[in-house]
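Here is the structure we will look at.
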Amino acid sequence: MTTTTPVSGRSHRAVPRPSARAGKAGGQHRAGPIAHVVLGLAALASLFPLYWTLVAASTDSHAVVSSPPPMLPGGNLFKNLAYVWDNAGGRGMGVALLNSTLVAAAVTVSTVTFSVLAGFAFAKLRFRGKKVMLGLVLSTLAVPAQLSVVPLFILTKNLGLGNHLGALILPVLVTAFGVFFMRQFLSQAVPTELLEAARVDGANSLRVIWHVVFPVARPAMAVLGMLTFVQSWNDFLWPIIVMNGSTNPTVQVALAGLGTGWSTDWSVITAGALMGTLPLLLVFALFGRHIVGGITQGAVKG
Amino acid sequence: MHRWDTKGTPYALVAPFFLVFAAFGLFPLLYTGWLSFHRVSLYNVDRAEWVGLRNYTDLFTGQVAHYFWNALLNTVTLGALATIPQLLMALGLAHLLNYRLRARGFLRTALLAPYATSVAAATLVFALIFSPEGGMANWLLGLFGAGPVQWEAGRWTSQFAISVIVTWRWTGYNALIYLAAMQAVPRELYEAAALDGASRWQQFLHVTVPALRPTILFTVIVSTIGATQLFGEPYLFGGQSGHQGGADHQYETLGILMYDQGFHSSMLGRASAVAWIMFALLLLIGLVNALITRRLRASQ
């Protein structure tokens with residue numbers, strides 16, 4: 001237990017269980033009522049703000065700040081949603097949602113693809129300078145986003161990409177986290193014998209990657225894809241700088257516009273927050289189990 | 001098989017990362033350093049005027065020194081408020097999640113739901129909760145006969161409110177990371193401890209926590225890096241005055257200061273200097289991390 005890799009879901013599963021008594025979670029004791037109450041309260045604290053966003057978004061500007069606060073949804077949800085759909089961020093939340101979807105999808109496809117390729121090279125191939133290069137990948141994990149925003153702002157302006165969605169995609173076409181994540185996964189998941197067998201059969205690198213690496217990597221690709229999508233969708237600092245005052249914003253920029261405007265109509269603001277969060281919550285509801293698994297795998301990067 | 005195929009392939013595979021890194025990681029890193037010695041306007045980015053160390057001296061002792069030291073202090077206090085309770089709670093929740101539970105899947109998913117919420121959406125909703133007029137936080141305090149509190153106006157109240165947003169979004173995420181680490185702890189360790197008469201609390205303290213040390217260190221580092229860069233929460237919490245971290249800069253972080261100097265005051269050079277100071281801070285944190293890790297390893 002003294003290695004720098006604190007967790008490995010796979011090796012954990014490989015340890016034979018003495019009995020089925022402990023269940024899959026591995027906890028050896030049944031939780032008492034107090035544990036259930038505490039966890040229930042924590043779940044409530046996690047979910048209540050989301051529920052309350054729905055409540056606030058369905059009231060009107062007066063009811064939302066009345067005392068006591070409303071606890072049940074009102075009748076104005078569709079009116080408020082329609083308002084942000086038409087007006088948020090200049091051209092409406094519909095445009096912003098489309099933009100965010102385009103950006104997040106492009107970033108996700110690109111990051112996942114290039115991460116598999118580089119991760120495979122670092123995991124399974126031998127080449128000169130590999131150690132140094134991998135060290136470089138790791139060291140970039142800690143470089144703060146703030147460090148690059150001013151030059152990137154100048155760069156995108158000179159490239160004519162100011163206020164352009166491309167400015168949100170280009171810098172994150174592939175990330176150090178993605179490469180490292182895939183390397184960790186592929187070094188265990190791809191059997192070296194299989195690679196050698198494919199080589200002996202005369203398959204070139206492209207064929208090996210297409211027919212062996214990508215199929216094996218699929219579960220990790222799904223996890224990395226979801227993590228990347230969430231991160232890209234929720235990214236804030238860079239979009240707010242490069243898209244400030246844009247009439248073609250992403251969801252987060254449109255939301256910032258709602259929150260920092262002169263009027264504070266909270267029911268409209270929360271309607272925007274709801275609309276901007278719903279797509280991700282939907283993804284989450286569908287794939288939550290995988291995201292949970294992905295986050296615990298992501299911890300391996302320590 | 002072509003020799004080129006085996007020799008060149010690895011480099012072709014890692015090339016996309018290094019191209020992107022060179023263009024959007026390394027080049028900006030160096031360019032920010034160069035810019036930090038210049039005066040550059042937001043509206044004429046191609047004209048950079050050499051000013052030497054002026055941007056740095058402005059920050060340390062010059063006309064904006066007051067804001068800089070204030071922002072540095074706020075980054076530390078806000079970071080501590082947002083990180084320490086969060087990680088302690090995450091550790092406790094993970095411990096409970098590690099028991100055999102009813103509705104385990106639901107609890108895990110519920111705890112992670114805030115992670116799927118963006119900074120913008122979460123902060124706007126919490127800004128309403130902490131709003132002085134009709135906010136839910138003050139209504140709750142009123143039920144206990146306290147308040148109302150002007151959350152946004154005070155230094156500590158505003159920093160508390162902002163740290164609640166950060167804590168809300170990230171506690172479940174960290175709890176799941178801890179949970180995964182706990183599940184990898186060999187059962188025999190607990191059995192041996194139980195035979196020695198250790199209570200559950202003692203087992204947690206003397207088996208779980210030591211086994212989790214690398215993971216705890218990892219989350220501390222990641223959270224510290226995140227806290228050092230705090231931007232979206234204070235920016236949006238403040239509404240109209242968010243770009244300067246409140247009317248009195250009472251929750252201005254280094255991230256906010258960089259934004260305000262560069263993209264509100266049009267001092268891109270000075271903003272670059274702030275960015276480099278943040279980078280230096282993170283390097284320092286990384287160094288301390290490396291030292292702690294080495295000591296941990298030596299002691300084991």
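The numbers here are math on the coordinates, done by the rules we state, and not lab data. Computed from a predicted structure; not experimentally measured. Glycine gets a Cβ as well: all are built from the backbone with ideal geometry, and neighbour counts include every protein chain shown.
Computed values, structure above
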| quantity | calculated |
| --- | --- |
| Rg [Å, one decimal], Dmax [Å, integer] - segment B:168-238, C-alpha atoms | 16.6, 55 |
| √(5λ) per eigenvalue of the Cα gyration tensor, segment B:35-90, largest first, Å | 34, 15, 8 |
| Value of D in µm² per second that Stokes-Einstein yields for segment B:236-277, Kirkwood Rh from Cα pairs, at 4 °C (1.567 mPa s) | 129 µm²/s |
| Reachable aspartates and glutamates from A:Lys79, criterion Cα separation under 18 angstrom, eight or more residues apart if same chain | A:Asp60, A:Asp265 |
| Rounded to the nearest 20 debye, dipole of chain A from Cβ charges on Lys, Arg, Asp, Glu | 1320 debye |
| Estimated D of chain B in µm² per second, where Rh is the Kirkwood radius over Cα pairs and Stokes-Einstein applies at 37 °C, 0.692 mPa s | 146 µm²/s |
| Charge dipole (debye, nearest 20) of the protein assembly as shown; +1 at Cβ of Lys and Arg, -1 at Cβ of Asp and Glu | 2320 debye |
| With eigenvalues of the C-alpha gyration tensor scaled by 5 and rooted, chain A, Å | 40, 30, 16 |
| Estimated translational D of segment A:180-250 in µm²/s (Stokes, Kirkwood radius over Cα pairs; 37 °C; 0.692 mPa s) | 219 µm²/s |
| Relative packing of peptides A:162-173, B:113-124 - highest average C-beta neighbours within 10 Å first | B:113-124, A:162-173 |
| Other-chain or far-sequence residues with amide H under 5 Å of B:His38's (modelled H) | B:Val51 |
| Rg/Rh ratio calculated on Cα atoms of segment A:156-205 (Kirkwood radius) | 1.32 |
| All-pairs alpha carbon distance profile, segment B:1-150, 5 Å steps from 0, percent | 2, 6, 6, 8, 10, 11, 12, 11, 10, 9, 7, 4, 1, 1, 1, 0, 0 |
| Pairs of Cα atoms farther than 44 Å apart, the protein assembly as shown, % | 21 percent |
| Convex hull of segment A:54-121 built on C-alpha atoms - directionally averaged projected area, nm² | 7.0 nm² |
| Semi-axis lengths, Å, segment B:94-204, gyration tensor of Cα atoms, sqrt of 5 times eigenvalues | 38, 17, 12 |
| Computed helical MRE - 222 nm, the protein assembly as shown, DSSP H runs ≥ 4 contributing -39500 (n - 2.57), nearest 500 | -21500 deg cm²/dmol |
| Dipole moment magnitude, nearest 20 debye, segment B:53-211 about Cα centre, only Lys, Arg, Asp, Glu C-beta charged | 340 debye |
| Value of Rg/Rh across segment A:140-261 [Cα atoms, Kirkwood radius] | 1.13 |
| Relative contact order computed over segment A:143-302 (Cα-Cα under 8 Å; 6+ residues apart), in percent | 28 percent |
| Debye-sum result for segment B:194-292 in log10 I(q)/I(0), which assumes one identical scatterer on each alpha carbon, at q = 0.12, 0.19 Å⁻¹ | -0.57, -0.91 |
| Dipole axis of segment B:1-138 (+1 Lys, Arg; -1 Asp, Glu on Cβ), positive-most option in B:Ala103, B:Ala121, B:Ala65 | B:Ala103 |
